[in-house]
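First the structure, in the form of structure tokens, and then the observations on it.
No lab work stands behind these numbers, since they all come straight from the coordinates. Bear in mind that the values here come from a model prediction, so they are computed numbers and not experimental data. Cβ atoms come from the backbone with ideal geometry, glycine included; neighbour counts cover every protein chain shown.
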Amino acid sequence: MMAEKRKLLIVDDDPGIRNQLKWGFEGFDVVTAENRENALQQFGWHRPAVVTLDLGMPPDAEGCKEGFATLKQILQKAPDTKVIIVSATEDQSNAQKAVDSGAFEFFPKPVDIEKLSAILERAYQAHKSNHE
């Protein structure tokens, strides 16, 4: 019997990034979203243990308001979800704020699939440990 693939929600407004990440993680059942509304909908349907989340999304693509609002709402729905912020923001205070707000990790763009895969594995193990 095959093991069930682990759910991963990728939230990013850039379709190129979504596709890169979707095809880069073969061991995962990947669902994607391009904005906060769609992310929360997908999260409700699939309840992934791990989420990658871009901070800069429309209508505030240059800022981080939408990303932080999405992070907050996901963690309110399921506090044990491991959210990895994957963002191009250069502001280190945003990285600190994300972790202080409950993010599991902050990972800078451009994305290194191999390094991000290692973080995903740690996040899944942490989620699994929380449930045992």
> When the dipole is taken about the Cα centre of the chain, and only Lys, Arg (+1) and Asp, Glu (-1) are charged at their Cβ, what size is it in debye, to the nearest 20?
Replying inline: 460 debye
>> Run the Debye formula on the Cα coordinates of segment 6-131, all scatterers equal and no solvent, and tell me log10 I(q)/I(0) at q = 0.23 1/Å.
In response: -1.61
> Considering only the other residues whose Cβ falls under 14 Å of the Cβ of Cys64, what net charge follows from Lys and Arg at +1 and Asp and Glu at -1?
Replying inline: -4
>> Taking the Cα centre as origin and putting +1 on Lys and Arg beta-carbons and -1 on Asp and Glu beta-carbons, what dipole magnitude results for segment 9-62, to the nearest 20 debye?
In response: 260 debye
